[in-house]
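Coordinate-derived values only; no laboratory data. As the structure is a computational prediction, the values presented were derived from the model and not from experiment. Because the Cβ atoms are built from the backbone with ideal geometry, glycine has one as well, and the counts that use them run over all protein chains shown.
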Ligand code: ADP
C-alpha cells in the first residue's frame, strides 16, 4: 500500500513473533509517537490500538512485520503498518478489535495483498509539532535506534499509570457533564417558568383587550343610540312646541290689534314683552328643528343646476333691508358660476354666515365672494368684526356654543352647527379662519358636480 498524500519513510521496523513482542511494540509505538510530536493522549491511543491489533494478529497469523512511518504533506501523520506472513481470515479482524481500534486512530485499513494481510493505521500529527522533513526523519531514526526498550514490567507499570490517568480524565469529564446537565436542567426549568408566565400574561392581556373592544363596541352603539334619540327628541319637542308658540304670537297680535279692546299702556308693554319672547322662542324652536332634521339625515337635497349669481342676487336683495352697522358687499360671481347643488339649502348656509358677519361686525364691511378652485367653488364670507380666538374656532361649531363677549342674547348658538351640517350634506365643508380684533372668514367649499350618486346613496334615507 502506498500513500497518496505524502512519501512514507520508514522510521523503525519491528518483528512480532511472541507475546512479549506485544509489550515491546506498544512501548516503542509510544516512543515513536512522542518523537514525531503526537500529544500525550494520542500517543496512548495509537499505542493501545497497535497492541490490540498485534495481539489479534499473533493469534490469527502467528505474527507480523511492524513498520513505523512518518508521512509528510498537508496533513502529516504517524502511520503504522503490520504485514502478516499469511492471510488473516477476513472476519476475525473486522469483527474483533477493529471496531474499538478504529475509534482510537484517524484511519484504519485492512487489506489482503497476495499471501499477506496488511493492516494500516494512522494518527494525525498536530500542526504545532516540528515539521516532518528528511533531516528530521534521519534524526528521529537515530534517536529511536539509540533508545533501549525497557522491561515488560516497567511497560506494565507505565500502562497502569496511563490507565489511571485515563480513568481520572474520564471521571473528570463525567463530573463536568453531570454539572452541565444540572445547570441545563435548571436553566430549562427557568425558561419554562418564564415562558409559562409570559403566556399567562399574554393571555390575560388578550382577554383584557377583547373585553375592552367589546366594551368599546357597546359604548359606540350606546352613543349612536343616544345621538339618534337626541335628534328624535329635539325634532319631536320642537315640532310640538311650534304650534303653541305660534298660537301665543297670534294671540299677542290679536290683543294689540286696533280692533280689540284698548289696553292700558302697561298692559300693552307687557303684551309686547310676551310677543318678543314668543318670537325668540319660535326662532330657537325652528333652529332646533332644522338642526335635528339635518343631523338625523332627514334632509334630502334637491339636486339641481344652481346659478351662484341668482343665489347671490337674492341674498343681496333680502339682506339689504337689514339695519346694520357694517357695509354689506355681495360681489357678483363670474359668469357661468353654476354648480350642482340645492339652492334652498345653500342659501340657508350663506344667509347664516352673512347674518353672523353683520351681527359681530361693528364697523367696516362684510363681503361675500365666490371663486372657482379646480373642481370646487369656494364661497368666502369675510368680515372686519370682533374675530374669534383660535382656541374657540372649533367650539363655535358645537351646538349652543357662543363665544364669550359676543352679545349672548343675540342668537341660539345653533346657526353654525346647522350650516356645517348642510354644507356637509351638499358634499362640501365649512371652515373658519379668524383673528381677534381683525375679523373672520368663513369659507364654504362645494364640489361643482354635487355629491356623486354612490356617496349620496350611503346617506340614511330621509323624507325631509
Ligand atoms: P349664534 O350666532 O346664534 O350665537 P352660531 O352658531 O351662528 O350661533 O355662532 C356661534 C358663535 O360663534 C357665536 O355666538 C359667536 O360667538 C361666534 N361667531 C359666529 N360667527 C362669527 C363672526 N362672524 N364673528 C365673530 N364671532 C362669530
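Annotations
- Pairwise label distance in nanometres, residue 318 with residue 156, each label 7 Å out on the Cα-Cβ vector: 13.2
- The distance from the alpha carbon centre of region 196-227 to that of region 234-283 is 54 Å, rounded to a whole number.
- Region 6-61 - convex hull of alpha carbons, volume per residue in Å³: 90
- Its Cα gyration tensor gives region 118-249 an equivalent ellipsoid, and the semi-axes of that ellipsoid, as √(5λ) in whole Å with the largest first, are 100, 22, 9.
- Against the chain, whose longest principal axis comes from its Cα atoms, helix 308-320 is set at around 50 degrees.
- Rounded to the nearest 10 degrees, the angle from helix 415-425 to the longest Cα principal axis of the chain is 60 degrees.
- Cα centroid separation - region 116-144 against region 301-322, whole Å: 114
- From least to most packed, judged by other beta carbons within 10 angstrom and beginning with the fewest, 355, 239, 382, 173 follow the order 173, 239, 355, 382.
- Computed from the Cβ-Cβ distance with R0 of 45 Å, the FRET efficiency linking residue 220 to residue 331 stands at 0.50.
- Label positions at residue 279 and residue 172, each projected 7 Å from the Cα along the C-beta direction, are separated by 11.3 nm.
- With Cα atoms defining each centre, region 420-436 and region 19-62 are spaced 103 Å apart in the structure.
- Relative contact order (%) - region 299-458, alpha-carbon pairs under 8 angstrom, separation at least six: 24
- Residues in region 291-332 that a label on residue 227 would reach, taking backbone N under 17 Å of a point 7 Å out along Cα→Cβ: 291-299
- Ranked for footprinting exposure by Cβ neighbours inside 10 Å, fewest first, 296, 341, 122 give 296, 122, 341.
- Whole-number D in µm² s⁻¹ for the chain, Kirkwood Cα-pair radius fed into Stokes-Einstein, 25 °C, 0.890 mPa s: 74
- Rounded to two decimals, the Cα radius of gyration of region 299-458 over 2.2 N^0.38 Å is 1.01.
- Principal-axis tilt of helix 19-36 within the chain, Cα atoms, nearest 10 degrees: 50
- Ratio of Rg to Rh over region 10-149 (Cα coordinates, Kirkwood Rh, two decimals): 0.95
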